[in-house]
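Q: Handing you a structure now.
What follows is calculated from the coordinates using simple rules that are stated; it is not laboratory data. This is a predicted model, so every value here is computed, not measured. Note that each Cβ is placed from the backbone with ideal geometry, even for glycine, and that neighbours are counted across all protein chains shown.
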Amino acid sequence: MDRSRGLMAVHAHPDDESLWTGGVLAQHVAEGRPTAVITCTNGEPAEGEGFAAPGTRVKELAQAIGLLGVAESGLLRYRDSGHQGRGPGSLCDAPFDDLVGDLVARIRSFRPAAVASYDAYGMYGHPDHIRVHRAVLVAVEAAARPQLWPQAGAAWAVDSLWLATVPDSMVQRLLTLGLESAIPSTPDAQVSVALDVRPWLDLKWEAVRAHASEFARGSRIAAFEEPRLRELCLGREWFIHRPGPGASGGRRWTPGALLADLT
Ligand SMILES: [Zn+2]
């Protein structure tokens, strides 16, 4: 398999892989391209009681990844920092270079053409998402330099970074449909790609549903049970493109043929 055409998605928690990149991952699998999902936490809180029994969310994650057909996955050793962004063993309290080093090793092992993660605000401000965004940016650069983390495998230069985001126009549309207040979003002109993932929406939704404990606790993702809202919000995936250190190396990664206009 030509790994240089592969896509690696790096996320903070179980369920993020399906919600924000489930469509692009399913599309890649359908096209026979290599895919990997790295999840930085096991979804269990570093402080306080979890909503699900220990181990539940990791099992749900494995089920979702299996449904999407993603061949490779990895789980880092951190815990959910919560909205306070802290706690023993949490992603946010861990030394930043430890997280970067973990990601450098995964990038060098999988050798993706493209890495997907979150925008600078972590889509909606979760401290773990913001942490992952920053670590991914640094890890992609560091992975290409053999002098850095030399014990973590041979250097690998990623072509493209794809940062999942929500465009302003989508938030405006949701406000007209009853969303109570605006959520952080990105000016449409800064969004590089609106990927139409509706051909994989049923599969993506099945993967989201695999995170049953999130539905059981009444997470906001249950709002997507409503089919029209589901198609609107999960039927497209929006990304900001950033060239990686391998962008001039001759390999070109594109997210596929199903690019939709933002309008
Ligand atoms: Zn998350």
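Q: Quick one: length gained pulling R198 to E31 fully straight, 0.36 nm per residue minus the C-alpha distance? Provide the component values of the computation, followed by the final result.
A: Working: separation 167, 0.36 × 167 = 60.12 nm, distance 1.54 nm.
In short, 58.6 nm is gained.
Q: Treat the count of other C-beta atoms within 10 Å as a stand-in for reagent exposure and order Y118, Y124 from fewest to most. Please list the in-between numbers first.
A: Numbers: Y118 27, Y124 13.
In order of increasing Cβ crowding within 10 Å: Y124, Y118.
Q: Further question on the same structure: Order of K59, K204 from fewest to most other C-beta atoms within 10 Å?
A: Numbers: K59 15, K204 28.
In order of increasing Cβ crowding within 10 Å: K59, K204.
Q: Taking the Cα atoms of the stretch 2-87, report the difference between the largest and smallest coordinate on each principal axis, in whole Å and largest first.
A: Largest first, the stretch 2-87 extends 43, 20, 18 Å along its Cα principal axes.
Q: Let me ask something else. With a 10 Å cut-off between alpha carbons and a GNM built on the chain, which of A36, A157, A222 moves the most?
A: Largest GNM mean-square fluctuation: A222.
Q: Around A164, with a cut-off of 13 angstrom between Cβ atoms, what is the net charge of the other residues, counting Lys and Arg +1 and Asp and Glu -1?
A: Numbers: positive: R236, R242; negative: D16, E17, D119, E237.
Overall, the nearby charge balance is -2.
Q: Tell me the volume per residue, in Å³, of the convex hull enclosing the alpha carbons of the chain. If you can, show how the numbers build up before the last one.
A: Details: hull volume 31.5 nm³, N = 263.
For the chain, the hull spanned by Cα atoms encloses 120 Å³ per residue.
Q: Follow-up question, since we're still on this one. What does the highest-first list of 98-109, 144-155, 19-30 look like by mean Cβ count within 10 Å?
A: Values: 98-109: 21.3, 144-155: 14.0, 19-30: 24.6.
Most protected by this proxy first, the peptides run 19-30, 98-109, 144-155.
Q: Tell me, in nm to one decimal, what length is gained between E225 and Y121 on full extension, where the rule is 0.36 nm per residue of separation less the Cα-Cα distance? Intermediate values should be presented prior to the final figure.
A: Numbers: separation 104, 0.36 × 104 = 37.44 nm, distance 2.57 nm.
That works out to 34.9 nm of additional length.
Q: Can you give the net charge of the other residues whose Cβ lies under 13 Å from the Cβ of P54, counting K and R as +1 and D and E as -1? Walk me through the numbers on the way to the answer.
A: On the way: positive: R57, K59, R79; negative: E44, E49, E60, D80.
Residues near P54 contribute -1 overall.
Q: Rounded to the nearest 20 Debye, what is the dipole magnitude of the chain about its Cα centre when Lys and Arg each give +1 and Asp and Glu each give -1 at the C-beta?
A: Charge dipole, the chain, about its Cα centre: 640 debye, nearest 20.
Q: Now a separate question. Using only alpha carbon pairs under 8 Å that are at least six residues apart, calculate the relative contact order of the chain and give it in whole percent. Kindly include the intermediate steps, with their values, before the conclusion.
A: Working: 538 pairs, mean separation 60.9, N = 263.
Here the relative contact order equals 23 percent.
Q: Please list, short to long, the whole-number percent of alpha-carbon pairs of the stretch 109-211 in consecutive 10 angstrom bins beginning at zero.
A: Distribution as computed: 13, 30, 37, 15, 5, 0 percent.
Q: Could you list V115, V171 in order of exposure, starting from the residue whose Cβ has the fewest other Cβ atoms within 10 Å? Let's see the in-between values first.
A: Values: V115 30, V171 16.
Fewest-to-most ranking of V115, V171: V171, V115.
Q: Let me have the 222 nm mean residue ellipticity of the chain computed from DSSP H runs of 4+ only, each contributing -39500 (n - 2.57), with the sum over all residues rounded to the nearest 500.
A: -11000 deg cm²/dmol
Q: Right, another one. Counting Lys +1, Arg +1, Asp -1, Glu -1, what net charge surrounds C40 among other residues with beta carbon under 14 Å of its beta carbon? Mind showing how you got there, number by number?
A: Details: positive: R57, R77, R79, R106, R131, R134; negative: D15, D16, E17, E44, D80, D93, D98, D102, D128.
Value of the local net charge: -3.
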